[in-house]
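Visitor: Please see the structure below; I have some questions.
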Amino acid sequence: MRIFDPHIHMTSRTTDDYEAMADAGVTALVEPAFWLGQPRTNVGSFVDYFASLVGWEPFRAAQFGIAHHCTIALNPKEANDTGLAKDVLEVLPRYLAKDRVVAVGEVGYDSMTPAEDEVFAAQIALALEHELPLMVHTPHRDKLEGTKRSLDLLREQGFPPEMTIIDHNNELTVELLADTGVWMAFSIYPDTKVDEHRMVSILQQYGTERMLVNSAADWGRSDPLKVKKTADAMLAAGFDQADVDTVVWDNPVAVYGQSGRLELDGGPADPNALFEGSSIKRGGS
């Protein structure tokens, strides 16, 4: 089974996670730009982080035969630092033009402030300008209201639903989104958000069209194998392999393929390769 994890924060994971993912059948992923656990204090921190998403992480993933892609944006949580946000928005176009940048994201809401409105709108405009899909983060608090507000802003700016990924959904938001034409993504977590068994119930009710599942796998307690575990739960519940392939491969390829930047071919990289003089190897000869 080929697996495409369409939202996973590998910056916060180890090479052991890459190895386990490869063993589980993960051959492609998308890493969205997100916050780093504490507020960044200057635009240079963002520049270095974005550079790692288009440089070091693709190199690291390739050592395990995984095709790494990313999305670039100023995340909602840091949009409220208005001075810094202005500087970050100015550098984003430099990275949105890079190979393997397959969407603008994560954008959206955290606390639904006026500053978040402004930054969200600016990044919708960037996605339109660069003809890229848009990954929308729904807030952890008041998720349903944040999802409604996101849809309203997207409609106001004329962003195409077929290029929109609304992420971190649950049973309440999927009911709202089912007939909108957007892609609906679900983060599968051990303790929070949606687990694989709830996800199977959602798929049984709403079908597999425009559905994405991801592991997110950030700094907190999470599991980078949750897409594989969801696939296994689908099979155990009676879904056939074609349905599973739709969710864990075909759908992410379809939505991110609209960027024209997916690179899914090729096996593991040369184990002796270096990235700017560095290797993931430690010790030995």
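Visitor: Only residues in region 125-150 that are free of Cβ contacts under 8 Å to residues at least 60 places away in the same chain count as the first member; pair them with residues that are β-branched (Val, Ile, Thr) and surrounded by fewer than 20 Cβ atoms within 10 Å (Cβ to Cβ), Cβ under 9 angstrom, at least 6 apart or cross-chain, and list the lot.
Guide: 140/192
Visitor: Given (1) farther than 19 Å from residue 19 by Cβ; (2) aliphatic (A, V, I, L, M); (3) within 24 Å of the chain's Cα centre (by Cα), where does residue 225 come up short, assuming only one miss?
Guide: Of everything listed in (1) farther than 19 Å from residue 19 by Cβ; (2) aliphatic (A, V, I, L, M); (3) within 24 Å of the chain's Cα centre (by Cα), residue 225 misses just condition (1).
Visitor: Considering only residues of region 192-234 that are among the polar types (S, T, N, Q) and over 18 Å from residue 176 (Cα atoms), which is surrounded by the most Cβ atoms within 10 Å (Cβ to Cβ)? Walk me through it before giving the result.
Guide: Of region 192-234, the ones among the polar types (S, T, N, Q) are 192, 201, 204-205, 208, 214-215, 222, 230.
Keeping just the survivors that are over 18 Å from residue 176 (Cα atoms) gives 192, 214-215, 222, 230.
Working: 192: 11, 214: 25, 215: 28, 222: 21, 230: 26.
This residue is 215.
Visitor: Among the residues of region 125-143, which ones are in a helix (DSSP H, G or I) and either farther than 13 Å from residue 106 by Cβ or acidic (Asp, Glu) (or both)? Give the derivation first.
Guide: So in region 125-143, the residues in a helix (DSSP H, G or I) come out as 125-130, 143.
Residues satisfying the conditions are 125, 126, 128, 129, 130, 143.
Visitor: Is one or more of the residues making up region 26-47 of a type in the set (Asp, Glu), assigned to a helix (DSSP H, G or I) and either farther than 20 Å from residue 137 by Cβ or in contact with a strand residue (DSSP E or B) (Cβ under 9 Å, 6 or more places away or on another chain) (or both)? Don't jump to the end; show me each part of the working.
Guide: Step one: of region 26-47, the residues of a type in the set (Asp, Glu) are 31.
So of that shortlist, the ones also assigned to a helix (DSSP H, G or I) come out as none.
There is no residue in region 26-47 that is of a type in the set (Asp, Glu), assigned to a helix (DSSP H, G or I) and either farther than 20 Å from residue 137 by Cβ or in contact with a strand residue (DSSP E or B) (Cβ under 9 Å, 6 or more places away or on another chain) (or both).
Visitor: Can you tell me which of 275, 239, 186 is within 23 Å of residue 67 (Cβ to Cβ), hydrophobic (A, V, I, L, M, F, W, C), free of Cβ contacts under 8 Å to residues at least 40 places away in the same chain and surrounded by 13 or more Cβ atoms within 10 Å (Cβ to Cβ)?
Guide: On inspection, the qualifying residue turns out to be 186.
Visitor: Here is a list: 115, 22, 61. Which entry is assigned to a helix (DSSP H, G or I) and in contact with a His (Cβ under 7 Å, 6 or more places away or on another chain)? Quick ask: steps written out before the conclusion?
Guide: Details: 115 fails: in contact with a His (Cβ under 7 Å, 6 or more places away or on another chain); 22 fails: in contact with a His (Cβ under 7 Å, 6 or more places away or on another chain).
Just one listed residue meets the conditions, 61.
Visitor: Checking the conditions here, which among 115, 127 is more than 22 Å from residue 213 (Cβ to Cβ), of a type outside the set (Ser, Thr, Tyr) and under 16 Å from the mean Cα position of the chain (by Cα)? Please lay out each step first, then the result.
Guide: Numbers: 115 fails: under 16 Å from the mean Cα position of the chain (by Cα).
Step by step, each of 115, 127 is checked, and only 127 is more than 22 Å from residue 213 (Cβ to Cβ), of a type outside the set (Ser, Thr, Tyr) and under 16 Å from the mean Cα position of the chain (by Cα).
Visitor: Does residue 218 satisfy the criteria of being of a type in the set (D, E, K, R) and touching a His at 6+ places or on another chain (Cβ under 9 Å)? Steps first, please.
Guide: Working: of a type in the set (D, E, K, R): yes; touching a His at 6+ places or on another chain (Cβ under 9 Å): yes.
Taking the combined requirement at face value, the residue satisfies it.
Values in this text are rule-based calculations from the coordinates and carry no lab data. Keep in mind that what you see is a predicted model, and the values were worked out from it rather than measured. All Cβ positions, glycine included, derive from the backbone under ideal geometry; neighbour counts span all protein chains shown.
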